[in-house]
Amino acid sequence: MSGTLIWDEAKRQSNLRKHGLDFADAAEVKNVRFTMPGSKTNEFTRAQVLAAVRAVPKGTGYVWDGVDEDDRPLNAEELQAGMAAAVNKRGRPAGSGNKEQVAIRFDRDVLGAFRASGPGWQTRMNDALRDWLRTHSTLT
C-alpha cells in the first residue's frame, strides 16, 4: 500500500461505531505485514501470532453493540436449533413406505389425459387403479 490514505468521514464514524475500528489507525499500520504462517511474506512466526492472540485481555472480545441484528450472537436456544437443523438430512422427505417405484408403460393418450388434469395426476392415477382393483379383484 502506498500513497496517502483517503476516506469518507461519515463512513469512518459508522465503522468506528459498528466495529470499533478507525480508518485513521490504518495510516499507522499500512506498511506492517501480518499474515498467517505458510505465507512467503510472513513476518511473524506461529508462536508470535499465538502469543499476540493470547495477550488480548479476557472480556475484550466481541461485544454486540445492539445496533445491527445480523451481528447479534445467537442465544443458547437459537444455537441449539441451528445445530439440530444442520443434523437433519437434506433432500426429499421420507415417504410413507407404502409406495414402490416401478417402470411401466402407458398408452400416450391415457397418460396425457391424467397429466392434463394438473398437479396430483399420479395420485389420481393410483386412485383409479385402486378403484379398478376393488371391482375386479377377489383380494378386497
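Coordinate-derived values only; no laboratory data. From a predicted model like this one, the values you see are computed outputs, not experimental measurements. Here the Cβ is made from the backbone with ideal geometry for all residues, glycine too, and neighbour counts use every protein chain on show.
Descriptive notes on the structure:
- Arranged from fewest to most other beta-carbon atoms within 10 Å of their beta carbon, 132, 121 become 132, 121.
- Under a 5 Å amide H cut-off, with hydrogens placed 1.01 Å from N, residue 44 pairs with 35 among residues at least 5 apart or on other chains.
- Given +1 at the Cβ of Lys and Arg, -1 at the Cβ of Asp and Glu and no other charges, the dipole of region 100-140 around its Cα centre is 40 debye to the nearest 20.
- The GluC sites (Glu not before Pro) of region 68-116 that DSSP puts in a loop, and whose beta carbon has at most 14 other beta carbons within 10 Å, are 100.
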